[in-house]
Amino acid sequence: MPHDVFISHSSTDKLFADAACHALEAEGIRCWVAPRDVMAGLPYASQLTKAIADCKVTLLLLSHQSNHSTMVLRELEIAADKQKPILPVRLDNVDPSDEMRFFVGREHWLDALTPERERVLAQVVSAVRRILSFQGRPQPASATTTPDPSTAASSTSAPVPTPSPPAGTASPNASFTLPMAPLQPRVLAQQVHRVPEGKPRSIPSPAPRKRNPWVVPLSLVGLFILVSGCIASIWIGATQGKKQSASEIRPGGSLPPLPADTIQKFREAPKASDRPGEPHRLEAEKFRFGRGVRPDLSQALRLYIRAADAGNELAMTQAGILLARNVEGLPFDPNTALHYFRQASLRGDLRAKTELAIMHHRGLGLPARDDKEAQRLIRQAADGGDGKAMAVLGEWYHAGTAGLSLDSNQSMEWIVRGASTGDGYAMAVNFAARLGKLEHFVPIADDELPTEMRAWMAEVASSTDPEAAGMVAFFQAGIDLDEGRTTIAAFQRVRQLAASGSETARVLLASALENGILDTPVDHTEALDWYRRGADARDPDCLTALGRFHQLGFAGLTPDESEAVRWYRLAADLGDAPAMLVLGEFHVLGKGGLSKSEHDALPYLQRAADMGEPLAMGWMGLFHAEGLAKLPADDRTALVWFTLGAAKQDVGSKLWLAKFHLDGRAGLPKNRAKAIELYREVALTGNEAARRELKMLGEPLDPP
């Protein structure tokens, strides 16, 4: 069943969105709100588009965050395109941005700046009911009141409506891409406050009737009762000191009470305009992201600290992030960062709780890692609605780290839920997963990039989250490279984001410098500097890279496999699959001072293969095919691993798969043609083993 109201909001305003949803649904008005109504496994963009199209009203919650949210603007664009009334509710004392003003510049606003938020919710319900009534939707009777007898008597042509079922019984399932249609004229919501203009329809005059002699006496009695009731109401209100209730806004009684914990959160949650140090925090944002001024991270950090010292929890979180990232030109102070995260978390900031969980997982600023505390904190933040916490929890399930068992289904569910909140980091992780970086997602085809995935990229690239923007900048560089365009601009964007504190961009920049990609020359020295910064902050990718530099002797380092093992172990403990692969291979070969033991190698290789590492899949196939590490020889299990590895272009897996087809192993019929096809595919890459096999079979390198 379609919903009545689509609630457009920033993830930071989830508290008010949930309360508004509860108040509306208590009156039988069905709402669609993320992340509650998002279905895992379906494209988020198509769900959002269908939800707006099916709803009758779009409720906009305007705050400092939503005012600059590209996702909120896109939702308003779709609502305008579908000719849906937009009802704005202002949560912060902020003027609409130029883009926002296009849609709601002349609307009548409902202000939620007052601390009496229960009264505001009643006004929201009343306004939505009026819009729905003008659209011809039958209004559900209140769950707490009975219909007005006079109203029922005057509407004999229609039955009294019954309350509608609550939302959540149906979710949009259609799968189509986000439309990129031109902007349409905005849809006004002024009909909430005035009757639509136009000539009223004529009403036939009734036939004349005889005057009833009892009309005048009964009218006098009714007038007496009405006046008495008014006097009694005034006296009761004066003696009991009652304030205006929702019954004065909506006929028939007041709203059902909100849950006690929600009311308490409302009363305790400060508005942005009421936060101490808020002007300094907003000024810091300008210097951090270059909004109207030249970016200056040092000045941004000073302003964040000034606001944090005044008690601003959002500033505490951002100051902690800059101090914990080891940003060039800024002090690297994990202990102070930990202090800020703890203080902001105690004040209810969910992002601070997420960052605190990451600190405990990495052991940064702490005597040792504490995965139990990390898991507790990340679950609290995720359950509270923080999109990044959901994405991080999904990544931890994917890696089987932080005390969690590897679970692809849980990983997918949490990542999709995080993306549905509109959080930039979560959207970027979901985007990476869709491209196949997280292996349990199906990689998206190239011909789909210009539609849905480019819409995702545009959304994430405009995010103020440097991590999200850094990831998308690198993907854009890869697309440019694939399509034969220059990647210099993308490389400069990655460098800029790396300098601003993005861990993702830092790894990508160092990788480009290490391998000479993105139209950049190889520079191992600069790459090593970036990797060391990340390693100091316990970034798993950078820890693995330092192990590789010590193993191979890059950037003038003396080759030292024992030192490399130390870095690989640190990265593997944090769930890095490439580090696990190398440690497994070192155990097989007895390198780096490790025992030459296939049994000791197996746990590392198994975890890496389960996380989708192609070479580890090949190793697992070999172990099962040959019965290594005391495993029973099992061709069928080996075939599964070789097939998975070959699908990810692992050369060893393809060679073994060719052998299985040639010999008819694992229940496969002998298929010489298929084997030759696989050998040729590998031989064309320059692989000598494949060339020898073709020569032994008497087959030329090139097909006839």
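Being surrounded by 19 or more Cβ atoms within 10 Å (Cβ to Cβ) and under 19 Å from residue 609 (Cβ atoms) is the filter here; which residues of the stretch 405-422 pass it?
411, 412
Can you say whether residue 302 is out of contact with any Gly (no Cβ under 9 Å at 6 or more places or on another chain), modelled with pLDDT of 90 or more and of a type in the set (Lys, Arg), as far as the supplied structure shows?
Considered against the rule, which asks whether it is out of contact with any Gly (no Cβ under 9 Å at 6 or more places or on another chain), modelled with pLDDT of 90 or more and of a type in the set (Lys, Arg), residue 302 comes out as yes.
Output the residues belonging to the stretch 110-131 that are modelled with pLDDT under 85 and hydroxyl-bearing (Ser, Thr, Tyr).
Selection gives 114 alone.
Please go through the stretch 634-651 and give me each residue that is open to solvent by less than 60 Å² (accessible area, probe 1.4 Å) and not aromatic (Phe, Trp, Tyr), ordered by number.
634, 635, 637, 638, 639, 645, 646, 650, 651
What number goes with the only condition from (1) out of contact with any Leu (no Cβ under 7 Å at 6 or more places or on another chain); (2) part of a helix (DSSP H, G or I); (3) within 20 Å of residue 78 (Cβ to Cβ); (4) modelled with pLDDT under 90 that residue 15 does not pass?
(3)
Checking residue 346 against (1) farther than 18 Å from residue 282 by Cα; (2) of a type in the set (A, V, I, L, M); (3) open to solvent by less than 50 Å² (accessible area, probe 1.4 Å): exactly one of these is not met. Which one?
(3)
Yes or no: the stretch 132-144 includes at least one residue that is in a helix (DSSP H, G or I), modelled with pLDDT under 80 and either surrounded by 13 or more Cβ atoms within 10 Å (Cβ to Cβ) or touching a helix residue (DSSP H, G or I) at 6+ places or on another chain (Cβ under 9 Å) (or both).
Taking every residue of the stretch 132-144 in turn, at least one turns out to be in a helix (DSSP H, G or I), modelled with pLDDT under 80 and either surrounded by 13 or more Cβ atoms within 10 Å (Cβ to Cβ) or touching a helix residue (DSSP H, G or I) at 6+ places or on another chain (Cβ under 9 Å) (or both).
Scanning the stretch 510-525 for residues that are at pLDDT 90 or above and part of a helix (DSSP H, G or I), which turns out surrounded by the fewest Cβ atoms within 10 Å (Cβ to Cβ)?
Only one residue tops the list, namely 525.
Does residue 654 satisfy the condition of being surrounded by fewer than 16 Cβ atoms within 10 Å (Cβ to Cβ), in contact (Cβ under 8 Å) with a residue 24 or more places away in the chain and under 27 Å from residue 587 (Cβ atoms)?
no
Which of (1) modelled with pLDDT of 95 or more; (2) in contact with an Asp or Glu (Cβ under 8 Å, 6 or more places away or on another chain); (3) surrounded by fewer than 23 Cβ atoms within 10 Å (Cβ to Cβ) does residue 559 not meet, given it meets every other one?
(2) is the only condition that residue 559 fails.
How about the stretch 292-312: which of its residues are surrounded by fewer than 24 Cβ atoms within 10 Å (Cβ to Cβ) and either in contact (Cβ under 8 Å) with a residue 60 or more places away in the chain or not in a helix (DSSP H, G or I) (or both)?
If the condition is that a residue be surrounded by fewer than 24 Cβ atoms within 10 Å (Cβ to Cβ) and either in contact (Cβ under 8 Å) with a residue 60 or more places away in the chain or not in a helix (DSSP H, G or I) (or both), then 292, 293, 294, 295, 296, 297, 310, 311 are the ones that fit.
Can you report the number of residues in the stretch 22-43 which are in a helix (DSSP H, G or I) and open to solvent by 10 Å² or more (accessible area, probe 1.4 Å)?
The qualifying residues number 3.
Of all residues in the stretch 603-624, count the ones that are open to solvent by 10 Å² or more (accessible area, probe 1.4 Å) and over 35 Å from the mean Cα position of the chain (by Cα).
Counting residues in the stretch 603-624 that are open to solvent by 10 Å² or more (accessible area, probe 1.4 Å) and over 35 Å from the mean Cα position of the chain (by Cα) gives 2.
Can you pull out the residues in the stretch 20-62 that are farther than 16 Å from residue 121 by Cα and either acidic (Asp, Glu) or free of Cβ contacts under 8 Å to residues at least 12 places away in the same chain (or both)?
The answer is 37, 54.
Can you tell me how many residues in the stretch 566-586 are aliphatic (A, V, I, L, M), crowded, with 22+ Cβ neighbours inside 10 Å and within 11 Å of residue 546 (Cα to Cα)?
Qualifying residue count for the region: 2.
Count, please, the residues in the stretch 541-556 that happen to be open to solvent by 30 Å² or more (accessible area, probe 1.4 Å), under 18 Å from residue 526 (Cβ atoms) and out of contact with any Leu (no Cβ under 8 Å at 6 or more places or on another chain).
The total comes to 4.
Please go through (1) assigned to a helix (DSSP H, G or I); (2) open to solvent by less than 20 Å² (accessible area, probe 1.4 Å); (3) modelled with pLDDT of 65 or more; (4) not basic (Lys, Arg) for residue 456 and return the number of the only condition it doesn't satisfy.
Checking residue 456 against (1) assigned to a helix (DSSP H, G or I); (2) open to solvent by less than 20 Å² (accessible area, probe 1.4 Å); (3) modelled with pLDDT of 65 or more; (4) not basic (Lys, Arg), the one that fails is (3).
From the set of residues in the stretch 44-88 that are open to solvent by 30 Å² or more (accessible area, probe 1.4 Å) and assigned to a loop (DSSP other than H, G, I, E, B), which is modelled with the lowest pLDDT?
Applying the filter and picking the extreme gives 65.
From the list 392, 416, which residue is within 16 Å of the chain's Cα centre (by Cα) and touching a residue at least 60 places away in the same chain (Cβ under 8 Å)?
416
The values are calculated or read from the model by the stated rules, or taken from the named source; none is laboratory data. Predicted model only: the values in this text are computed from it and were never measured. When we count neighbours, we look across all protein chains shown, and the Cβ atoms used for this are built from the backbone with ideal geometry, even at glycine. Heavy atoms of the whole protein, side chains included, go into the accessibility calculation; ligands, DNA and RNA do not. Shrake-Rupley method; radii C 1.70, N 1.55, O 1.52, S 1.80 Å.
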